[in-house]
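Enquirer: I'd like to ask you about the structure that follows.
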Amino acid sequence: MALFGSDNKTKSSLDGLWIKCNNCGEIIYKKEVDKNLKVCPKCNYHFRLSAKEWISILMDQNSFHELWADIESVDPLDFKDRTRYRDKLKEAQRQTGIKDAVVTGYGLINDLFVNIGIFDFNFMGGSMGAVVGEKVTRLIEKTTEEQSNLVIVTSSGGARMQEGIFSLLQMAKTNSALSRLHNSKALYIALLTDPTTGGVAASFASVADIIIAEPKALIGFAGPRVISDTIGQKLPEGFQRAEFLLEHGMIDMVVERKVIKKTIAQLIRLLGNTEKRIMEER
């Protein structure tokens, strides 16, 4: 499977023929990693994927249709630290080729219709501002109206600080839309990838009908170092990793990348809407 793009953390390595694994430290032939869906063949470490890469892995070929692609963030607070927020947005758009941190649309997963939202950590750490919240909310409302299936793939550092309260409001906005979805017959599956933290983890990512996580994904509100320093205690081994959350009943399953598409399709066949008419009507 041809993949494109890379996460910021490994970009310099991925540009060459070899890549150093962030987990085991092994030097691996890049084509071998790409062929393995960007999973380390030595230690099973799952590298971060861009939204475009997730589309190529999850969606049936040529079935994905993007929605609301041209919605862009503004700078409501005229925010500036070392760089103006509006300049950061332009740079992130230039580097990623997308307008904001989530790509939304619809398509087929193993011939089953889904509405799908995919976060891209390369865009300002996958942070959630007003545009991200608006696109996710529209996607939820569309799914509720159709009584279809919703999949959201998260990878986020949380709320976007440059938008202040406008960003925090998106937590309530998205969850309000989800409350209406949960009262319908629609199915919502969340796929939590590394990392899923902050306001995204504390809102729509944690209230899906089925919550899946990739192996070793960091999932939580505040980071483990912040929590440890705050409470003055050493945290348990593996704290806030996917396997720890599964053991404590916070998520439903941990699934390796190579079988995620198959797993989501099986869940839709068991619990969701399997009619093709929704896609055919478009």
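No value in this document is a laboratory result; all are computed from the given coordinates. Everything numeric here is computed off the predicted structure, so don't read it as measured data. All Cβ positions, even for glycine, are placed from backbone atoms using ideal geometry, and neighbour counts span all protein chains on display.
Enquirer: For the peptides 192-198, 225-231, what is the packing order when you average, over each peptide's residues, the other Cβ atoms within 10 Å and list the highest mean first?
Expert: 192-198, 225-231
Enquirer: Sticking with this structure for a sec: Under a Cβ-Cβ cut-off of 12 Å, what is the net charge of the residues other than I116 that fall near it, where Lys and Arg count +1 and Asp and Glu count -1?
Expert: +1
Enquirer: Given the Cα-Cα distance of E256 and K42 and 0.36 nm per residue of separation, how much length would full extension add, in nm?
Expert: Between E256 and K42, full extension yields an extra 75.6 nm.
Enquirer: Something else: Please return the longest stretch of the chain lacking exposed loop sites, where GluC sites (Glu not before Pro) count only if DSSP places them in a loop and at most 14 other Cβ atoms lie within 10 Å.
Expert: No qualifying site falls inside 73-236, the longest such stretch.
Enquirer: Here's something else I'd like to know. Residue by residue through the range 207-220, what is 3J(HN,Hα) from phi via Karplus (6.51 cos²θ - 1.76 cosθ + 1.60, θ = phi - 60°)? Round to whole Hz and write x for glycine and proline.
Expert: Once rounded to whole Hz, the list reads 10, 6, 5, 10, 10, 10, 9, 7, x, 6, 4, 7, 9, x.
Enquirer: May I pose another question? Please list 3J(HN,Hα) in residue order for the range 103-119, calculated via the Karplus relation 6.51 cos²θ - 1.76 cosθ + 1.60 where θ = phi - 60°; whole Hz, with x for glycine and proline.
Expert: Working through the residues one at a time gives 10, 10, x, 9, x, 10, 10, 6, 6, 10, 6, 9, 8, 9, x, 10, 7 Hz.
Enquirer: When Rg and Dmax of the Cα atoms in Å is calculated directly from the model, which label among (i) 18.4, 57; (ii) 19.3, 77; (iii) 19.7, 61 fits?
Expert: Recomputing Rg and Dmax of the Cα atoms in Å here gives the entry labelled (i).
Enquirer: So, one more: For the residues H46, H248, what sequence is obtained by ranking on other C-beta atoms within 10 Å, fewest first?
Expert: H248, H46
Enquirer: Treating cross-link reach as a plain straight distance, find the lysines whose alpha-carbon is under 27 Å from the alpha-carbon of K30, omitting any fewer than eight places away in the same chain.
Expert: Of all the lysines, those that pass the test against K30 - Cα under 27 Å, at least 8 places apart if same chain - are K9, K11, K20, K38, K42, K52, K216, K258, K261, K262.
Enquirer: Checking understanding here: applying a Kyte-Doolittle mean of at least -1.0 and a length along the axis of at least 20 Å (C-alpha), which whole DSSP H helices in the chain pass?
Expert: 130-146, 165-182
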